Structures are given as C-alpha cells and as structure tokens.
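Data block below; observations after.
Each reported figure results from applying straightforward, stated rules to the coordinates on display, with no laboratory input. Nothing here was measured: the structure is a model prediction, and the numbers come from that model. Backbone-built Cβ (ideal geometry, glycine too); neighbour counts: all protein chains shown.
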C-alpha cells in the first residue's frame, strides 16, 4: 500500500518519481513495513534549488521500517533505482528521519 501524508501534493510529479515510488513500495514491504508513506513531493519547504519544486524528488517515511532493516532497505532502493537516482537517508536517528530520492540522469540519453 502507498499512502500520502496529509498535505502532500503530487500535481506535476515527473514519471521517473512515479517509478521511484513504485520501487520504494516494493522495497519497504520486503523489509517488513506495512505501507510506504510519501511525506513530500512538490510541497513543503526545501533548500533552493530543490528537485522537489520541479516534481523530480520525493521523500519517504522510514520509521515504519523496523530499525534493523532500514540500512538494508536504503541500499536495496539505491541498487534497484540505479545511477540516475540519488537516494539519501537523512536525519538518521532523529524524529525527522526519512529517505530522500531525486532523479538526475548522469549522462544524456543518446537514443
């Protein structure tokens, strides 16, 4: 299950972030979370310039992943999304602990 935290806005989300959410849902469930909670997409206050404002970033709650599995969940998410995504486990051990993901292609597409 995927749930949006109250107030989260998704209008203008980029398809690459929709993909990241789907992958994260699978990873979270594999690591004993009951659901994936999206805590921010284009809403909230973020540093300028932030990938959030263009719909190219998402934040996920990680408190519902048991502590023993959190690092493994973040590693698996990084591996499954690949090098065009930055996956950052932020505020570890703090009340605002979460996972930030943004899409930034490493090399131009050559078709």
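Take the Cβ-Cβ distance between residue 96 and residue 34 as r, set R0 to 25 Å, and report the resulting FRET efficiency rounded to the nearest 0.05. Show your work: numbers first, answer last.
Numbers: r = 21 Å, r/R0 = 0.82.
With R0 = 25 Å, the Cβ-Cβ based efficiency is 0.75.
Based on the mean of other Cβ atoms within 10 Å per residue, sort peptides 18-25, 57-64 so the most packed one is first. Before the final figure, lay out the partial values.
Working: 18-25: 17.6, 57-64: 21.8.
Top to bottom by mean Cβ count within 10 Å: 57-64, 18-25.
Mean separation of Cα pairs under 8 Å and 6+ residues apart, divided by the residue count of the chain: what relative contact order is that in percent? Kindly include the intermediate steps, with their values, before the conclusion.
Details: 191 pairs, mean separation 28.4, N = 111.
Over the chain, the number comes to 26 percent.
What's the Cα-based Rg to Rh of the chain, Rh via Kirkwood? Walk me through the numbers before you get to the answer.
Values: Rg = 13.4 Å, Rh = 14.1 Å.
That ratio is 0.95, to two decimals.
Using the basic label-point model (7 angstrom from Cα toward the beta carbon), what is the residue 50 to residue 18 distance in nanometres?
2.3 nm
Which one, 56, 32, 40, has the greatest fluctuation when you compute a Gaussian network model over the chain with C-alpha springs under 10 angstrom?
32
Just for the chain, what percent of DSSP beta bridges are antiparallel, to the closest 5?
Antiparallel bridges: around 80 percent, rounded to the nearest 5.
Could you work out which residue, out of 11, 100, 31, moves most in a Gaussian network model of the chain, that is, has the largest mean-square fluctuation with Cα springs under 10 Å?
11
Taking the Cα-to-Cβ direction at residue 106 and at residue 71 and moving 7 Å from each Cα, how far apart do the two end points lie in nm?
Those two pseudo-labels are separated by 2.3 nm.
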